[in-house]
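The structure appears below as C-alpha cells.
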Amino acid sequence: MIKKMALRFLLGRGIGRLQELLSKSLRHGLTTGGGALVAGGHMAQDDLTTVIGGAAVALGAVLSYARTYLSERLGN
C-alpha cells in the first residue's frame, strides 16, 4: 500500500516536487563542494561552472527517463 502511494505521489503532481527537490539538492551540493575546491586552489571558477551545468543536465535527463519508465510500468 505504501509503495502504491509513493508511486502515485511520484507520478502525479508530486513528480514536479521531486524534480525540484533533487535539482536544488544537486545544485547546492555541487556549489558547496565546488566552492571548497575553488577555495582550496584545486579548481578554477570556470571549471566549477562547467561541472555544475553538466551535472544539472545529466540529472534532468535521468529524472525524465525515470518518470517515463514508471509511467509505462504502471500503465499511466
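Readers should treat all values here as calculations from the given coordinates under stated rules, not as data from a laboratory. Model, not experiment: these values are computed from the prediction. Glycine gets a Cβ as well: all are built from the backbone with ideal geometry, and neighbour counts include every protein chain shown.
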message: Can you give me the distance in nm between label points at Ser64 and Thr50, each placed 7 Å from the Cα along the Cα-to-Cβ direction?
response: 2.3
message: Apply the Karplus curve 6.51 cos²θ - 1.76 cosθ + 1.60, θ = phi - 60°, to the phi angles in region 41-58 and return the couplings in whole Hz, x for Gly and Pro.
response: x, 8, 8, 8, 4, 4, 5, 4, 4, 5, 5, 5, x, x, 5, 5, 5, 4
